[in-house]
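For reference, the structure is listed below as structure tokens.
The values are calculated or read from the model by the stated rules, or taken from the named source; none is laboratory data. None of these values were measured; they are calculated from a predicted model. Cβ coordinates were reconstructed from backbone atoms using ideal geometry, including for glycine residues, and neighbour counts include every protein chain displayed.
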Amino acid sequence: MNDIIHLLPDSVANQIAAGEVIQRPASVIKELVENAIDAGARNIQVILKDAGRTLIQVTDDGKGMSETDARMAFERHATSKIKSAADLFALHTMGFRGEALASVAAVAQVELRTRRPEDELGTVICIAGSQVESQLPSNCPAGTSFFIKNLFFNVPARRKFLKSNETELRHIITEFIRIALVYPEHHFTLTHNDTEIYELAATNRRQRIAHIFGSKNNNFSRQLLPIETSTTLVNISGYIGTPETALRNSNQYFFVNGRYMRHPYFHKAVMQAYDRLIGNDVSPNYFIYFDIDPGSIDVNIHPTKTEIKFENEAAIWPIITAAVKEMLGKSNAVPSIEFDVEGAIDIPVIDRSRPAVQPQVTVDPTYNPFQTNSERSQHYSRPPMNWETLYQDFEKPAMQPAYFAPPEINQEIAVAPSQLSAIADQPDAAPENSNYLLYKGRYIITGGKSGIMLIDKQRAHIRVLFEQFIDQLNYRRGISQQLLFPEIVELNAADALVLENAIEELECVGLDIALFGKHTFSINGIPAGLEGKDIQSIVGDIIDCVKNKDANVKEVLHENIALTLAKASAVGYGQQMTFEEMDHLVGQLFACSNPNYTPDGKRIVVVLTNEEIEKKF
Ligand code: ADP
Ligand code: MG
């Protein structure tokens, strides 16, 4: 029998390798821009057509390549960056596997124009599907230009799996930002279909961050607190956001030796430092750069992997937490005395006729600013407490915050979800006698056939409004209240792109937004019910919500828009309600497709069944 094993031709091997390295246009941009940086370029231009599907052009003013190198660069395992395995442990360049260009050339039509500054003539080489088609001398500028045309032209399955242009462009922007944040002293531009998305002049780190994430309105640069720590293990530097600027979708970046990384463990270290300074539903911005001996991290970094293993993770945790805490403490982000409140310290005017008395300074030698309150309380001797008075508040339920139900009721409302839906899903589940009691400003209590029903009024309203907005989006019939004075919002490039793509949908719910200038929009009309609300932050919330989803899917877009608007316009807990209002709301709720839960899964209705009540007696 014949032998059956044979070597794959290079073009096939390269295509297989390309599957790992080049997944989408964004991967090409990452590889080419990293190469440009490794080549010592200072100015790097990225030009795209159709989110990189038709053309990706990366032009740099780096050291260029010789005629032979230009050809060699496309060979697999061809690299100028390492020579031996030992070099792997001292890497300071972005690339080293020599796979990127071979992979790109396997799945696209590539033209490379390059000239070393010292050469008179450069070279232009054309390759398609790993086959060199031509190489000629060329009178090109010093540096390198790659033109990647028709990505995946020979891998239709891959091409088919590319997402919409908006999604692919978002991936490109993500990769582009990750590199731009590490190299502020480089000048970058990103242009898509002749529209400039980013023009990032060479600057310092703080300004680069502000340029990317800030807008004229929000003075981002001033909200950044610098951190800096040097230890034998690691050097940490960068910026953290003030607690007030924490967001639901914040910008969080870790970099190690100039490379973006995801690191859930270190993320927790940062979050711990913000403990109790920010709400549960938000998180701070941070841009933290680690500088570490390349020998102490996993060197076999895969080009597409963003998770990096450190040798001493547990030892680095406290260094991060301390650095962040120290800065938060210094910046007064940790709560301190507020001088504009009543009882502020009275600073006396100097009276020169009185003899000066040396002030007494008291120091607490045990005070450690890094201890959490609970740790600290173990060391402090508290002033004696009158324990009886502690219980007084419990005897006066009216003093409790409106949103805390007393413990007995809490137990009762823990109805198993199955039981709950069994009751509330019945058509006759809607309250039958129309008696309503508003309990603690939050719960509408009413009797039903099978028991007592507690309805969270705000959540009920959110459900009702959500379904109304969805309806408007589907049937395109939202009514807009025109604003007398349009509000102008200026956004950063990435957010502007998201909003621009959503404008048409937003119009359906009555949110009338028009492009006003570069990255600037004017809000001309708002949906009824949103009068007097902070419309800019509502638009910000919609962008945040949509940004992380595939905005392609209309339903997801609709749901996010509808939910954001419903939350913004729902009744507040404090607001009183008349009998008619409660009756109307409850009626509307039970006409909804799912009256039991809010669109984001929070329980609206809880039933205390007759049997349960009887059991209690
Ligand atoms: P790697 O970056 O891992 O070495 P690549 O396939 O990305 O592998 O690139 C192969 C080689 O081509 C690089 O080592 C470098 O010598 C050369 N090269 C690639 N891009 C450029 C560029 N923009 N300017 C100069 N040389 C480049
Ligand atoms: Mg490379």
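Scoring T68 on the criteria (1) within 13 Å of ligand 1 (Cβ to nearest atom); (2) at pLDDT below 95; (3) of a type in the set (S, T, N, Q) leaves a single failure, condition (2). I'd like to check something: does the range 98-105 contain any residue that is assigned to a strand (DSSP E or B), over 22 Å from K305 (Cβ atoms) and within 12 Å of ligand 1 (Cβ to nearest atom)? Checked the range 98-105: no residue is assigned to a strand (DSSP E or B), over 22 Å from K305 (Cβ atoms) and within 12 Å of ligand 1 (Cβ to nearest atom). In the range 465-480, the residue that is farthest from the chain's Cα centre (by Cα) out of those that are closer than 10 Å to E507 by Cα and among the aliphatic types (A, V, I, L, M) is I479.
Is the range 582-598 home to any residue that is more than 29 Å from L483 (Cα to Cα), buried (at least 19 other Cβ atoms within 10 Å of the Cβ) and under 26 Å from the mean Cα position of the chain (by Cα)? Taking every residue of the range 582-598 in turn, at least one turns out to be more than 29 Å from L483 (Cα to Cα), buried (at least 19 other Cβ atoms within 10 Å of the Cβ) and under 26 Å from the mean Cα position of the chain (by Cα).
Hey, can you tell me all the residues within the range 76-92 that are within 11 Å of ligand 2 (Cβ to nearest atom) and buried (at least 17 other Cβ atoms within 10 Å of the Cβ)? The one that is within 11 Å of ligand 2 (Cβ to nearest atom) and buried (at least 17 other Cβ atoms within 10 Å of the Cβ): T79. Evaluated against (1) away from ligand 1 (no atom under 12 Å from the Cβ); (2) more than 16 Å from V21 (Cα to Cα), D87 falls short on exactly one condition, (1). Applying the condition of being within 16 Å of I297 (Cα to Cα) and of a type in the set (S, T, N, Q) to the range 232-272 and asking which residue is surrounded by the fewest Cβ atoms within 10 Å (Cβ to Cβ) yields T232.
Restricting the range 106-144 to residues that are in a loop (DSSP other than H, G, I, E, B) and of a type in the set (A, V, I, L, M), which is nearest to V155 (Cα to Cα)? Checked the range 106-144; the qualifying residue nearest to V155 (Cα to Cα) is A108.
In the set (1) surrounded by 17 or more Cβ atoms within 10 Å (Cβ to Cβ); (2) of a type outside the set (A, V, I, L, M); (3) over 19 Å from K547 (Cα atoms), D495 fails one condition alone, (3).
Restricting attention to the range 22-44, which residues are of a type in the set (V, I, T) and surrounded by fewer than 23 Cβ atoms within 10 Å (Cβ to Cβ)? Scanning the range 22-44 gives a single hit, I37. Among the residues of the range 111-123, the ones that are more than 11 Å from ligand 1 (Cβ to nearest atom) and buried (at least 24 other Cβ atoms within 10 Å of the Cβ) come to 1 in all. The set of residues from the range 34-58 being in contact with a strand residue (DSSP E or B) (Cβ under 6 Å, 6 or more places away or on another chain) and either within 16 Å of ligand 2 (Cβ to nearest atom) or among the acidic types (D, E) (or both) comprises A36, A41, I44, V46, I56, V58. Beta carbons closer than 7 Å, at least 6 apart along the sequence or on distinct chains, pair a first residue in the range 91-106 that is at pLDDT below 85 with a second that is within 10 Å of ligand 2 (Cβ to nearest atom) and assigned to a helix (DSSP H, G or I) for T93/D38; M94/E34; M94/I37; M94/D38; G95/E34; G95/N35; G95/D38. Of the residues K602, K533, the single one that is surrounded by fewer than 18 Cβ atoms within 10 Å (Cβ to Cβ) and in contact with a Ser or Thr (Cβ under 8 Å, 6 or more places away or on another chain) is K533. Considering only residues that are within 13 Å of ligand 1 (Cβ to nearest atom) and touching a residue at least 24 places away in the same chain (Cβ under 8 Å), which ones fall in the range 39-55? Those that are within 13 Å of ligand 1 (Cβ to nearest atom) and touching a residue at least 24 places away in the same chain (Cβ under 8 Å): A39, A41, R42, N43, I44, Q45, V46.
Yes or no, residue by residue, for (1) in contact with a His (Cβ under 6 Å, 6 or more places away or on another chain); (2) away from ligand 2 (no atom under 16 Å from the Cβ); (3) not assigned by TED's automatic domain parsing to the domain that holds I212:
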residue	(1), (2), (3)
G62	no, no, yes
A70	no, no, yes
F74	no, no, yes
G98	yes, no, yes
V104	no, no, yes
F153	no, yes, yes
K160	no, yes, yes
T167	no, yes, yes
T174	no, yes, yes
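The criterion of at least 2 residues that are closer than 29 Å to V546 by Cβ, modelled with pLDDT under 90 and not assigned by TED's automatic domain parsing to the domain that holds I308 is met by none of the strands (runs of 3 or more DSSP E) wholly inside the range 189-282.
Taking the condition hydrophobic (A, V, I, L, M, F, W, C), within 19 Å of G478 (Cα to Cα) and outside any strand (DSSP E or B), does L506 pass? Yes; evaluated as a whole, the condition is true for this residue. Going by what's in this entry, would V539 be described as buried (at least 18 other Cβ atoms within 10 Å of the Cβ), at pLDDT 85 or above and closer than 20 Å to P599 by Cα? In short, yes.
Each row is one residue, and each column tells you yes or no for (1) over 26 Å from the mean Cα position of the chain (by Cα); (2) in the same structural domain as L121 (by TED's automatic domain parsing); (3) modelled with pLDDT under 95; (4) within 26 Å of S134 (Cβ to Cβ).
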residue: A39; (1), (2), (3), (4): yes, yes, no, yes
residue: Q45; (1), (2), (3), (4): no, yes, no, yes
residue: R53; (1), (2), (3), (4): no, yes, no, yes
residue: T79; (1), (2), (3), (4): yes, yes, yes, yes
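For the range 153-174, filtering for residues that are at pLDDT 95 or above and in contact with a Phe, Trp or Tyr (Cβ under 9 Å, 6 or more places away or on another chain) leaves 1. Across the range 1-21, the qualifying residues are those that are part of a helix (DSSP H, G or I) and away from ligand 1 (no atom under 13 Å from the Cβ), and the one among them that is surrounded by the most Cβ atoms within 10 Å (Cβ to Cβ) is Q15.
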